[in-house]
Amino acid sequence: MTISTFVLTALAMLAFAGNSLLCRLALKQAEIDPASFTTLRIFSGTLVLWLLLRRQNSAPAGNWSSAMYLFVYAAAFSFAYTSLEAGTGALLLFGAVQITMLTHGLLQGERFNRWATLGLLMALGGLIALLLPGATAPPLIGALLMLASGIAWGFYSLKGRGVTSPLAATAGNFLLASVPALLISLASIAHSHSDLKGALYAVLSGAVTSGIGYALWYTALRGLGSLQAATVQLSVPVLTALAGALLLGEALTLRLLLTALAVLGGIALVLNTRQKS
């Protein structure tokens, strides 16, 4: 891995973790509803990606199925963070993303050996253990919403494999996703509210940690193998949990740490086994 690829990858991972932190800041410390946050995030991401495309003299691409996966991811993400802490949400999100993509591989004919199967079972067991009732269990509705967000992002990632221009496809998908995002805001207009701080967090999430963050990630992918790209994303829940504890005062519970170890360790075992195979 070159130094430039390493730097781009690190910045992209910080951007991914930043999405969780900005959403939690907006919903916890500002006055904005999740539907408005989603709409502002997608609209500002669309604008930034369009400006990036203009520099390349390119036109946006994309398709409706990918755009709907993107919208479901963003909307469920926002509504989930009304009740979840940043680290817990990131663990559920990226655990669901990886398990979705690994399960898709199995259904497409990939076969795991015993170690890879053990790793997948560890990851699933960790997510289930996190959801079991208890004093430190996350709210069930929020957890299910975040799992749905992760599944949608997993399918969105699978749909994006092999696109000729990732930036153009992402810009087009953001543009198309702005339609259902606007509709959900109109449908919940009676409950909509926002202040300057909440709107700023939403715009930063869309323009910087989503728009620019995704552009950095697609650039970094040119220097990463597919398994390297999958493995490095396992750092995001850890970064988010640490940042949430430092910046938001959220607790690093023993339950979160143990389930994170099971989920991330299990997925890493699957990826490492596949790479050796």
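The values are calculated or read from the model by the stated rules, or taken from the named source; none is laboratory data. Note that the structure is a prediction, hence the values are computed from the model and not measured. No Cβ is skipped: glycine too gets one built from the backbone with ideal geometry, and neighbour counts run over all protein chains shown.
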Next item on the list: Scan segment 118-147 residue by residue and report those that are closer than 12 Å to I99 by Cα and either hydrophobic (A, V, I, L, M, F, W, C) or more than 23 Å from the chain's Cα centre (by Cα) (or both).
Entry: L120, L121, M122, A123, L124, L127, L147
Item checked: Of all residues in segment 211-227 being under 17 Å from the mean Cα position of the chain (by Cα) and not small (G, A, S), the one that is modelled with the highest pLDDT -> I212
Next item on the list: Take segment 33-85 and flag every residue that is of a type in the set (F, W, Y), buried (at least 20 other Cβ atoms within 10 Å of the Cβ) and over 17 Å from L200 (Cβ atoms).
Entry: Y69, F71, Y73, F77, F79
Next item on the list: Return yes when A168 is in contact with a Pro (Cβ under 6 Å, 6 or more places away or on another chain), closer than 30 Å to V208 by Cβ and either of a type in the set (K, R) or assigned to a helix (DSSP H, G or I) (or both) and no when it is not.
Entry: yes
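To keep it simple, each residue is scored yes or no on (1) part of a helix (DSSP H, G or I); (2) crowded, with 20+ Cβ neighbours inside 10 Å; (3) modelled with pLDDT of 90 or more.
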site	(1), (2), (3)
L145	yes, yes, yes
T164	no, no, no
G172	yes, yes, yes
A177	yes, yes, yes
L183	yes, no, yes
L186	yes, no, yes
G198	yes, yes, yes
Next item on the list: Hey, can you tell me all the residues within segment 111-140 that are without any contact (Cβ under 8 Å) to a residue 60 or more places away in the chain and surrounded by fewer than 20 Cβ atoms within 10 Å (Cβ to Cβ)?
Entry: R111, R114, T117, I128, L131, L132, P133, A135, P139, L140
Next item on the list: Collect the residues in segment 1-34 that are of a type outside the set (F, W, Y) and free of Cβ contacts under 8 Å to residues at least 40 places away in the same chain, keeping them in residue-number order.
Entry: I3, V7, A10
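This table checks each residue for (1) modelled with pLDDT of 95 or more; (2) in contact with a Phe, Trp or Tyr (Cβ under 9 Å, 6 or more places away or on another chain).
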| position | (1), (2) |
| --- | --- |
| S44 | yes, no |
| N63 | no, no |
| S66 | no, yes |
| E85 | no, no |
| L91 | no, no |
Note to self: Looking at (1) touching a helix residue (DSSP H, G or I) at 6+ places or on another chain (Cβ under 9 Å); (2) surrounded by fewer than 15 Cβ atoms within 10 Å (Cβ to Cβ); (3) among the hydrophobic types (A, V, I, L, M, F, W, C), which one does A190 not meet, given that it meets all the others?
What the structure shows: (1)
Check: Taking segment 20-70, which residues are in contact with a Lys or Arg (Cβ under 8 Å, 6 or more places away or on another chain), farther than 19 Å from S149 by Cα and in a helix (DSSP H, G or I)?
Finding: Q29
Checklist line | Residue count, segment 35-91 (criterion: touching a residue at least 24 places away in the same chain (Cβ under 8 Å) and either under 15 Å from Y156 (Cα atoms) or aliphatic (A, V, I, L, M) (or both)) | finding: 31
Notebook entry, point to check: Does L247 satisfy the condition of being surrounded by fewer than 15 Cβ atoms within 10 Å (Cβ to Cβ), at pLDDT below 85 and under 20 Å from the mean Cα position of the chain (by Cα)?
Noted result: yes
Next item on the list: Quick one: T5 ticks every box in (1) assigned to a helix (DSSP H, G or I); (2) among the β-branched types (V, I, T); (3) closer than 17 Å to S188 by Cβ except a single one, so which number is it?
Entry: (3)
